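The values are calculated or read from the model by the stated rules, or taken from the named source; none is laboratory data. All values reported here derive from a predicted model rather than from experimental measurement. All Cβ positions, glycine included, derive from the backbone under ideal geometry; neighbour counts span all protein chains shown. SASA here: full protein model, heavy atoms, side chains in, ligands and nucleic acids out. Shrake-Rupley method; radii C 1.70, N 1.55, O 1.52, S 1.80 Å.
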Amino acid sequence: MAHYPKTYTSPAQLTALLQSRGLHVENVTRTENYLRHIGYYRFSAYLYPLLTTPKEFALQVLTQRRMTHPWITTPVNQRKVYFSLCIIKHFLNIISPNNDMKAKVDTLLSTYPSIDITAMGFPRGWENEPLWL
């Protein structure tokens, strides 16, 4: 049988570890539940909106207190598509600073003008947010 040098860490301890690394945990019970069911490494690798129901996204479990790169300044509904796009854009800006995601979003929205971007959570003036400049 293989010997594993790391000892077991409970979901409560892992949540405390995430918090000590700068993540704001709004719902400790929910975070511990995710960690219990999908594991710390899978959970930490997938900090993207977690699907809670087929039509609803939620990443309100974790939000960073201090962003090291440009982020949105307008409060938004974290359960809407816009927030998910912001997370993708944030990580893309880190990985590929000269990415063209904003141009692609602009093209998509102008190609389909009947899309209600307000229903998707886009705030007025979203394109002027530091994240999207």
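Couple of notes before you dig in:
- In Å², nearest 10: area of residue 96 left accessible to a 1.4 Å probe: 50 Å²
- Three semi-axes of the equivalent ellipsoid, segment 94-133, Cα gyration tensor, whole Å, largest first: 20, 13, 8
- Sites matching trypsin sites (Lys or Arg not before Pro) across segment 79-131 that sit in DSSP coil, with at most 10 neighbouring C-beta atoms within 10 Å: 124
- Surface listing: 101, 120 arranged by accessible area from highest to lowest gives 120, 101, probe 1.4 Å.
- Accessible-area composition of segment 69-133, carbon plus sulfur, in percent [1.4 Å probe]: 60 percent
- Which of 31, 111 is most accessible, then next, and so on - probe 1.4 Å: 111, 31
- Taking θ as phi - 60° and the Karplus parameters 6.51, -1.76 and 1.60, the scalar couplings of segment 18-31 work out to 4, 5, 5, 8, x, 8, 8, 9, 6, 10, 4, 4, 5, 4 Hz in sequence order, x denoting glycine and proline.
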